[in-house]
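One structure is given here, and the rest of the page talks about it.
The numbers here are math on the coordinates, done by the rules we state, and not lab data. Every value quoted in this text rests on a predicted model; they were computed, and no experiment measured them. Because the Cβ atoms are built from the backbone with ideal geometry, glycine has one as well, and the counts that use them run over all protein chains shown.
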Number of protein chains: 2
Amino acid sequence: MRQSFLFTATRREAPKDEESTNAKLLIRGGFLHKEMAGAYAFLPLGLRVLENIKRIIREEMNALGAQEILMTTLQRKELWETTNRWDDKEVDVWFKSTLHAGGEVGFGWSHEEPIADMLKSHVESFRDLPVYVHQFQPKLRNELRAKSGIMRGREFLMNDMYSFDSSEEHHTAFYNQAIKAYERVFERAGIGEDTFMTFASGGAFTKFSHEFQTIIDAGEDKIYLNHEKRIAINEEVLNEVVLQELGIRRDELVEVKTAEVGNIFNFGTAKCEQLGLLFTNEAGKRVPAWLGSYGIGVTRLMGVIVEKHHDEKGIIWPSSVAPFRMHLVALPGGETIAEKLYGDLQSKGTDVLYDDRVSASPGEKLMDADLLGIPLRVVVSERTLKEDGVEIKKRTEADSQIIKIHDLLAYEVI
Amino acid sequence: MRQSFLFTATRREAPKDEESTNAKLLIRGGFLHKEMAGAYAFLPLGLRVLENIKRIIREEMNALGAQEILMTTLQRKELWETTNRWDDKEVDVWFKSTLHAGGEVGFGWSHEEPIADMLKSHVESFRDLPVYVHQFQPKLRNELRAKSGIMRGREFLMNDMYSFDSSEEHHTAFYNQAIKAYERVFERAGIGEDTFMTFASGGAFTKFSHEFQTIIDAGEDKIYLNHEKRIAINEEVLNEVVLQELGIRRDELVEVKTAEVGNIFNFGTAKCEQLGLLFTNEAGKRVPAWLGSYGIGVTRLMGVIVEKHHDEKGIIWPSSVAPFRMHLVALPGGETIAEKLYGDLQSKGTDVLYDDRVSASPGEKLMDADLLGIPLRVVVSERTLKEDGVEIKKRTEADSQIIKIHDLLAYEVI
């Protein structure tokens, strides 16, 4: 894509109404626009990153055998009353409104209830199980505070997956596979090393839930971690019983600040029992299905990636999620060759943003390249052409090098 | 995809609470699940159709030079008050709620206001124009009645595009290009022949807006049409002045029932003036931009396709939007060869649904194939194998034919 075509402008100054690093950098780079606290629009570059993250998640969830669906934002009061989760005293993040046709309506903040209810039309016997479904669903949550950019949204995109199994054995097996899939997602998104499966409160249904927590300074959570053994415990379940069960001493753990990028939850058979999602088992008896619920905050993940990968000059995108793999920059004297290279790179299928702007100064172009954070910068200028070359520089490295023009087309952008 | 893998079950009986053909067939086929009146979840087959429709629209809008973005559902009261469109007396489809942090919030039913407001951060001079943006945005509208399935949703997906130009000349040129792009979308989606650009009320800003109306019995609109001259007039502007202007007599027009699949609107400079989206023109003067607004109801379009293309047995998808191009059906005696063919077709990259179900009878499989409406049905059975062949049948045709097995792999699925 030609940068002159992009309508978004970069900014030198951080917006004054933002506290978080992710929002400051993403707005400065023109990835996001703030609509209101906790609600951000995705501009072309931001949408490209979001789609890359979605692609990674989609591949991993599909590989687990989960089928993609898309439920609704509008939610029925009657359904949520069944599980006592309509009441604002039980769930404090509902947005609710009134139908002109009469009655109250809610805006989806989670989807266990409608998904389990929907499956009543499709699951009759043990032969219809297991069913694994997932979706990329915009969630709306009436959060009291929203100062962490896209790390805590009133409106955000979630990938939520739900597993329905006919036995505890199958349920547990899938739950463990899902843990591995989640680990692959975070690994592929460039935060694997700093993301830890964390034991957290299981609520009424099970001993533990499992969170995926990423170490960042701006994190709103606190976990207790043994880095070497990769054992992590959320502060809410840090007690003697749990320490003993996990075979670790309190003094082997250090306190770290983290952001939760994923959460998986075992509902056992309780939720399906409440909602009446029963099936006829092999003995001919009607029994409830086993439910697992799995969520990745997709937009939050994007925020966490920025918090993790940036420097004072801007963002440093991991290649897997970068809006483009290569940033071709034409500086004075290099315009003609850059133009030709852009054509050649496009023919080759290279994912390239081409800074062809005539109005921007060399300094502005290089500052913008650092701010946008595309993994490989390729500069063409009078200076590089004297050596019959282009200057390549990785965003992660300080040093650049000159390579021959014809070598650029053979260069593997990783 | 193996049909045994799909979790959705088909139904012989239409749901009792649906009046519209599109909802009845789409629910019977397991494409949709009704969450409440006017709000439907998209199940795997339905989501595939929706993504195919989105792909067509995305290609055409990108070809116009529109950049894809994604605005928010949550809307600021203050912004919409600027244009006097917050008031329920002015706009009667708002869903509104209250923020826990204080203040009212709306749920987006249209996006001219936030998009024009957002662009104030990116457009400064005539050099920054034109800007063309589009998005696939779930819209929420508090409709009093919602009985037309996905043809009139309280929650629905829209592709909305906005053009911002620096002069009337450029603005008009783009507006006319957009008309052509819309015509290509409806053509590619299989409803081109029955879809007419229709003169409709322009409101306060311009003489006419332009609707794209598709002739269907279940349509909620009424237009006056001259089929041969392809002139169509919405009843709201059917008067002597308009007839004269368009050079047609009343008795040359017939009344037909239609559904509106697209609508384009010329705001002139009025909306940008209201919202303060000004730019510095070549003479150094601050002037408002020219705004065009273009919308396709994506989910409605899917409903209209079903209304247009079905028979008493089920849906007849146009290939371009079908959930799969080929439906391979294994009947008794054909299972082994079908299994091998499925592997071969997949290696070849054919988009195929494979009915490998062992629990379904031959009759059920064939009834389901008609209901699901995939363009090409390929049956493998003892009978076809006696002729060393498979039976192929187009969903649009009554007759089938036997072709040799090795010819199937060379068969071009259109």
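Tabulated data for the structure shown
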read-out	value
In the stretch B:183-283, trypsin sites (Lys or Arg not before Pro) in a DSSP loop with at most 11 other beta-carbon atoms within 10 Å	B:ARG230, B:ARG249
CD proxy at 222 nm, helix term only [per DSSP H run n ≥ 4: -39500 (n - 2.57); per residue of the protein assembly as shown; nearest 500]	-8500 deg cm²/dmol
Residue order, fewest to most beta carbons within 10 Å, for A:ASP221, B:ASP355, B:ASP388	B:ASP388, A:ASP221, B:ASP355
Candidate lysines for bridging to B:LYS77, where Cα separation is under 24 Å - those fewer than 8 sequence places away on the same chain excluded	A:LYS16, A:LYS34, A:LYS96, A:LYS139, A:LYS147, B:LYS89, B:LYS96, B:LYS120, B:LYS139, B:LYS271
Bridge type composition, the stretch A:326-408 - antiparallel percent by DSSP, nearest 5	50 percent
Among A:ASN84, A:PHE279, A:VAL321 - extreme Cα towards positive end, dipole of chain A, charges at beta-carbon	A:VAL321
Chymotrypsin sites (Phe, Trp or Tyr not before Pro) within the stretch A:137-244, DSSP loop, no more than 15 other Cβ atoms inside 10 Å	A:PHE205
Neighbourhood charge, 11 Å Cβ-Cβ cut-off, centred on A:ARG127 and excluding it, Lys, Arg +1 and Asp, Glu -1	-2
Integer Hz, Karplus 6.51/-1.76/1.60 couplings in order for the stretch A:12-19, x for Gly and Pro	6, 9, 6, x, 6, 8, 10, 9
Chain A - charge dipole about Cα centre, Lys and Arg +1 at Cβ, Asp and Glu -1, debye rounded to 20	760 debye
Label spacing, shortest first and in nm, from A:LEU238 to its equivalents in the remaining copies (7 angstrom along Cα→Cβ)	7.5
Global geometry of the stretch B:326-410, whether rounded, prolate or oblate, following the gyration tensor of its Cα atoms and the 1.5 cut on a/c	rounded
Pair B:SER359, A:ALA63: separation of 7 Å Cα→Cβ label points (nm)	3.0 nm
Euclidean distance of C-alpha centroids, the stretch B:268-322 and the stretch B:359-409, integer Å	40 Å
Cα shape, the protein assembly as shown, gyration tensor, a/c 1.5 rule	rounded
Span from the the stretch B:1-78 Cα centroid across to the the stretch A:231-263 one, whole angstrom	43 Å
Residue (of A:MET197, A:LEU253, A:ALA181) at the positive-pole extreme of the stretch A:165-300, dipole from beta-carbon charges	A:ALA181
Unit charges at the beta carbon, dipole of the protein assembly as shown: most positive-side option, A:HIS406, B:THR336, B:TRP109	A:HIS406
Lys, Arg +1 and Asp, Glu -1 on Cβ, resulting dipole of the protein assembly as shown about Cα centre, debye, nearest 20	220 debye
Rounded Å value of the spacing that divides the Cα centres of the stretch A:105-128 and the stretch B:158-181	42 Å
Charge dipole magnitude, Cβ of K and R +1, D and E -1 - the stretch A:326-408, Cα centre, debye nearest 20	100 debye
Closest Cβ on chain A to the rotation axis that carries it onto B (distance rounded to whole Å)	A:SER97, 3
